[in-house]
Amino acid sequence: MYKIILFVKTYQPDFERVYNLLDSIDKFNKDNIPVVVSVNDDHFNLLKPDCFEKYKIYKDSEITSTSITEGWRYQQIIKCNVYKLNICKNYVAIDSDSVFIRDFYSSDFMFDENIPYTIMQESKDLLEMTERLQMDSQTIFFKRALRDTRPFFENKGKEWDYGPSPYIWNCNVWQHFNEVFLKDQNLSFDAFFNAIEKKSFSPSDCVIYGEYLLKTKLIPLYPIGSLFKVYHYKEQFEIEESQLSIKQLSKIYLGIIYQSNWQKKKKKWFQFFLK
């Protein structure tokens, strides 16, 4: 069983982005952390043949089944159930619109041989950016998801941001959540997601993981900040793009993400860095 893997969930519309991500992993993965990719069943055979040679590829149905078909919710459910593969103790869940920009090692994700770090922060820089863009920082996505999820776990205290992606997750935490907490509540994972959605605009996998870990302390909590620089909004990118170079960002972050809903309008600048 692997100590840690890199896990990527993808589907055909994201294949070009995921190929860029995989290329960056090939270049910067200095500890040769195993790479596992999960693909929608219908798109499984459409992935480039060399991916099957270089990485371990699974159909989504080999991980779990779900009645939820809406894309953003569906992919979260797949990511939360990776423990069912029984191939690793921890995993880094990476979105397709990510790209690594410098060398990385297991120690970037693991406190020691057994315990992973946990993304857990107040994200004041992001709150500041939303105010700069004339948005209400108190209704930002992670705060709304947290407020609607926290009552299930009866946690108190600061409003933590358990992101952004990539997330570092321990399989025992997800297994305990599924097989102990949900069983005690007589709920399926789908039903729990639906229960949150009745209150919230967006159930969040990282909030569920973080709040459950905070409640149970199943593993020691070693908080860290963002692994990647994330451009959440096009306006944010336009403000910041001339302020820091990728070389400068690589001193601080392992990689960069800018959201796929607007990146199509931009030149794929990160490809130049990967050459």
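Every read-out reported here was derived from the displayed coordinates using simple, explicitly stated rules and does not represent laboratory data. Computed from a predicted structure; not experimentally measured. Quick reminder, even Gly has a Cβ in these numbers, built from the backbone with ideal geometry, and neighbours come from all protein chains shown.
Table for the structure above
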read-out: Value of [θ]222 nm, deg cm²/dmol, for the chain, DSSP H segments ≥ 4, -39500 (n - 2.57) each, nearest 500; value: -10000 deg cm²/dmol
read-out: Cβ crowding within 10 Å averaged over residues, with 36-43, 91-98 ranked highest first; value: 91-98, 36-43
read-out: C-alpha center-to-center spacing [segment 1-60, segment 107-173] in angstrom; value: 25 Å
read-out: Protection proxy ranking of 132-142, 163-173 - average other beta-carbon atoms within 10 Å, highest first; value: 163-173, 132-142
read-out: Per-q log10 I(q)/I(0), segment 32-139, q = 0.24 Å⁻¹ (Debye; single scatterer per alpha-carbon; no solvent); value: -1.38
read-out: Over the chain, equivalent-ellipsoid semi-axes from the Cα gyration tensor in Å; value: 27, 24, 19
read-out: Relative contact order of segment 5-269, pairs being alpha-carbon contacts under 8 Å that are 6 or more residues apart, as %; value: 23 percent
read-out: Mean separation of Cα contacts under 8 Å (6+ apart) over length of segment 1-159, as relative contact order %; value: 31 percent
read-out: Order of Lys247, Lys79 under a 10 Å beta carbon neighbour criterion, fewest first; value: Lys247, Lys79
